[in-house]
Every structure is written in C-alpha cells, then in structure tokens.
1. Any idea which residue in the stretch 100-125 is nearest to ILE140 (Cα to Cα), counting only those that are acidic (Asp, Glu) and free of Cβ contacts under 8 Å to residues at least 24 places away in the same chain?
2. Please verify whether VAL154 is under 22 Å from VAL128 (Cα atoms) and touching a helix residue (DSSP H, G or I) at 6+ places or on another chain (Cβ under 8 Å), treating the condition exactly as stated.
3. Please go through (1) touching a residue at least 12 places away in the same chain (Cβ under 8 Å); (2) touching a strand residue (DSSP E or B) at 6+ places or on another chain (Cβ under 7 Å); (3) part of a helix (DSSP H, G or I); (4) surrounded by fewer than 22 Cβ atoms within 10 Å (Cβ to Cβ) for ASP97 and return the number of the only condition it doesn't satisfy.
4. Can you give me the number of residues within the stretch 15-44 that are at pLDDT 95 or above, polar (S, T, N, Q) and assigned to a loop (DSSP other than H, G, I, E, B)?
5. I need the full set of residues from the stretch 104-119 which are surrounded by 14 or more Cβ atoms within 10 Å (Cβ to Cβ) and at pLDDT below 95, in order please.
6. Working carefully through the options GLU78, GLU60, find the one that is in a helix (DSSP H, G or I) and either surrounded by 17 or more Cβ atoms within 10 Å (Cβ to Cβ) or on the phi < 0 side of the Ramachandran plot (or both).
7. Quick one: in the stretch 129-157, which of the residues that are at pLDDT below 90 and of a type in the set (Val, Ile, Thr) is surrounded by the fewest Cβ atoms within 10 Å (Cβ to Cβ)?
8. Can you tell me which residue among LEU80, LEU87 is more than 30 Å from VAL141 (Cα to Cα) and not small (Gly, Ala, Ser)?
Amino acid sequence: MERVSTGLKGLDEILGGGYPRGGIISVAGGTGTGKSTFALQFLYEGVTVAKENGLYITFEEERGKVYEFMSAYGWNFEQLEKDKRFLFFSYPPHEVDHFLAQELMIHDKIEEFHVKRVVLDTVTSFAVLYETELKKRQEIVKLLTKLKNWGCTVMLTADCNTDAAGTPLPQFDIEPLSDGVIYLYSIRKGEQRLRALEVAKMRGTKFSERLFLMRFAAKGMEIYPNEHVY
C-alpha cells in the first residue's frame, strides 16, 4: 500500500510509513486537544517536505488568526499561499451551505493547483446544518463520498465529548466510513495535563492498540512511541 507521511515525528513509525494514500482520515477529540494543529501540520509537511500541495477548508477559523498561531511553529502558510502551493477556504458557520454549493468550484481548484492533501475542519460544524441525527448521518455519508471522489488524501477533524477518563465519544458515525481513525486525548494526571494519541483504525496497517504520549514541541506536534502515558 502506498503511504503518505503524516508529518508528525513518531507517528509514521507507528503506522508503518504513514496514512494510506487517497484515504479519508478522521481525527476526533475534545476541545483543546490540538485537532486543527494536527491537521495543519499534515498539510504543512506535505507542501514543504513531500511537495504535495494542500487545501484547508474551515468552518470555524479565520485566515489571519490561523496564520498567526501557526507561525509560532515556524510555519509560513501565508507565503505558501502566495506561492500557490496552499489554498485556504473559509466558510463561517452561517455560510456552510455555500460550501456545498461551491463543490464543483473547489474540485476545479484541486485540479488546477494539483492539490494532493485536503483538510476539512470540522465536520461537526457541517453537521449542525441538519436538525435530526438521522439527517446529519445521511448528509455526512454523502459528504465523505464526495471527498473520496476528489482523489486526494483527506483529513477530517471532529469535535466530540469525552467520558470521565478523557476518552473521546464518537459522533455522526464517520468512523466506519473512514480509512483511518485517530483520537486525541487531554488527560489530567495529578497537577499536569498530558496529551496523547490513539490509533483506533487504519486500513492495511498493523499498529499498537495503546495510547501514545504526544507533545506540542517547537516545530509542531510530536509523538513518542517508546514512552508510556500511564
């Protein structure tokens, strides 16, 4: 199976080289677990290291704030956009329906700019368009089918509640439709709060079914395969 580097130190090692190329990877976690940073690192490393152009579609973030926050890691998304190697599409919550109306335009941009990696942040904001849980699931199935047809490696982020232990509680049934599922944790341990990652699913991949310690480092998020959370 052809692999796509995750862009995170340690995670490629866990996954035997990276994500399945052309797959849909779902990244879920509670507030503050680093989902957007995780996804943007996938795009940044794709452009700067793997030479794969990227597209970021957000329903929550503003371009200026994203570029400012990510510059703390030395990631210059503004320059990548000027170089036409990175695209940023923003749809405020009340304009999510515009995203659906512009699907063909987005697909044309993907082909025009030879985009290979796409992030949609977050599918939760997309789901609020629909009133019932059944309708949410139906429309998300349609969305994932469209994303699959774009021919890119796609990452979806999803907000979710957690139980008392900090374990993410899946929503919208996106996991069965995804080629890979990753959960991000924020665990309180004494006076500290630890970050952790769990690979719950990755097609065509043997992986260890445990939590891996994760930290926000100077140049982005890092995974430590040989360290234990507990």
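1. ASP108
2. Yes; evaluated as a whole, the condition is true for this residue.
3. (2)
4. Summing the residues that are at pLDDT 95 or above, polar (S, T, N, Q) and assigned to a loop (DSSP other than H, G, I, E, B) in the stretch 15-44 gives 0.
5. Scanning the stretch 104-119 gives ILE106, HIS107.
6. So the residue among GLU78, GLU60 that is in a helix (DSSP H, G or I) and either surrounded by 17 or more Cβ atoms within 10 Å (Cβ to Cβ) or on the phi < 0 side of the Ramachandran plot (or both) is GLU78.
7. THR132
8. LEU80
The values are calculated or read from the model by the stated rules, or taken from the named source; none is laboratory data. Bear in mind the structure is a predicted one, so any value in this text is a computation, not a measurement. Glycine gets a Cβ as well: all are built from the backbone with ideal geometry, and neighbour counts include every protein chain shown.
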